[in-house]
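Inspection log for the structure reproduced underneath, given as structure tokens.
We did not get these values from a lab; they are worked out from the coordinates using the rules stated. Small disclaimer: the values here were computed from a predicted structure and weren't measured. Using ideal geometry, Cβ is built from the backbone for each residue, glycine included, and neighbour counts are taken over all protein chains shown.
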Amino acid sequence: MSNEVLAKTDAPRQRRRWLLSVNPIYLVLVVLLALIAIRNPQFLEPFGYMNFLKRAAPLAILSAGQLFVLVAGGFDLSVGALITLTVIGASMLQSNDPSATWWVICLLFVLGALVGLINGLVVVVLRVPSLIATLGMMITLTGVALLWSGGAPKGYLTDNFRFFGRYNFTGVPLINLLPISIIVLVLVVGLLWWLMHRTNYGRLLFAVGDNPRASQLAGVPIGRVRVLAFVVSALSGTVAGILLGGFSGVSPDAGNGYELQAITAAVLGGAQLLGGRGSVPATVAGAATLTAIFTLLNFLGLPNPVRSAVQGLILIGAVALAMYRRKRTGR
């Protein structure tokens, strides 16, 4: 058989392999965005799709950070409460003083790193399951936020604090409108992508999640790898809290449900709940997909309880599909 015939025979096979290698979340996202555009043609205007990305940015950043813990084989249920504490804490610390913004932001990042460090040490040193450790941290942070604010947030977030979540550059060539939150999204996600997929730490993270025992025998510092994963997750929660505070203002429910949304987004992107597998770009696509689903539900006029039910069904379905694939492939 000639080389030309072999090439023609292999071409369809190679196309099929390529299609199978593409993460389906990207195709799902394209379909959902097309449905949104059909339902609301203004979505295709810069104002429409830029506002969509602006709404998706906090969840995308939070999910990319959560992915580090998932890849390491754990969970971080404390990030939603950390978002709430970030928003409430910012309003309490600022005391309506714009000049306090920068030191408050620095303090919030220190607080986020401390929360992540405590989560990681409790899991690694005390050997408490991450689900229990971070659930306890979630309850603790919620209590601290309520105690600090007296049950109701006081004051407001100043304009220079809300700059990151609310301000838009206008007159930008081609797109005209560019929210600051999208710039933050690109920078943070780019940094997390580099850390997970282009550094030695990322390789160690995947090894620890895939086979902790083998990693330990190979001399991998499992404890440090896992602790850093929790710190990254908590810092991403702080960034998400700053963006949400700028976007929505002060609310005692600012971070409610975000921890489960972040896990759902990561699983939609192909992350394995047992660890060892995940992709930052696919997780961001999962967050955008979740936002697109919620946007469609809003267009259809469905109430919030339906949104919660849909999210639960999506999480169950995504986890079931991931476990089925793992069983079939042995990975």
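Observations
- Among 206, 299, the order by Cβ neighbours within 10 angstrom, fewest to most, reads 299, 206.
- Spatial separation of Cα centroids for segment 223-280 and segment 44-121, in angstrom: 8
- Packing here is the average count of other Cβ atoms within 10 Å per residue, and on that basis the peptides 207-216, 111-120, 228-237, 194-203, highest first, run 228-237, 111-120, 207-216, 194-203.
- Positive end of the dipole of the chain (Cβ unit charges, origin at the Cα centre): among 280, 151, 36, the Cα lying farthest that way belongs to 280.
- About the Cα centre, charge dipole magnitude for the chain (Lys/Arg +1, Asp/Glu -1 at Cβ), debye: 1160
- 5 angstrom amide H check on residue 277, placed H, neighbours 5+ away: 272
- Once C-alpha pairs closer than 8 Å and six or more residues apart are averaged by separation and normalised to the residue number of the chain, the relative contact order reads 32 percent.
- Each listed q (0.23, 0.24, 0.25 Å⁻¹) maps to a log10 I(q)/I(0) for segment 79-171 from the Debye sum over equal C-alpha point scatterers, namely -1.12, -1.18, -1.23.
- Sorted by Cβ neighbour density within 10 Å, fewest at the top, the residues 54, 327: 327, 54
- As a proxy for reagent exposure, 170, 291, 142, 86 were ordered by neighbouring Cβ count within 10 angstrom, fewest first; the result is 170, 142, 291, 86.
- Contact order relative to length of segment 203-331, as percent, for alpha carbon pairs under 8 angstrom and 6 or more apart: 24
- All other residues whose Cβ lies under 11 angstrom from that of residue 247 are scored, Lys and Arg at +1 and Asp and Glu at -1, for a net of +4.
- If the chain linking residue 211 and residue 107 were pulled fully straight, counting 0.36 nm for each residue of separation and taking away their Cα-Cα distance, it would gain 33.8 nm.
- Interchain or long-range residues, amide H under 5 Å from residue 169's placed H: 178, 180
- Listed values [x] 6, 24, 32, 23, 10, 3, 1, 0, 0; [y] 5, 17, 19, 11, 7, 9, 11, 10, 7, 4, 1, 0; [z] 6, 26, 36, 24, 7, 1, 0, entry calculated as P(r) over Cα pairs in 10 Å bins from 0, in percent: [x]
- Two tests apply to each whole DSSP H helix in the chain, Cα reach of 30 Å or more along its axis and mean Kyte-Doolittle hydropathy of at least -0.5, and the ones passing both are 46-71, 101-124, 222-248, 304-329.
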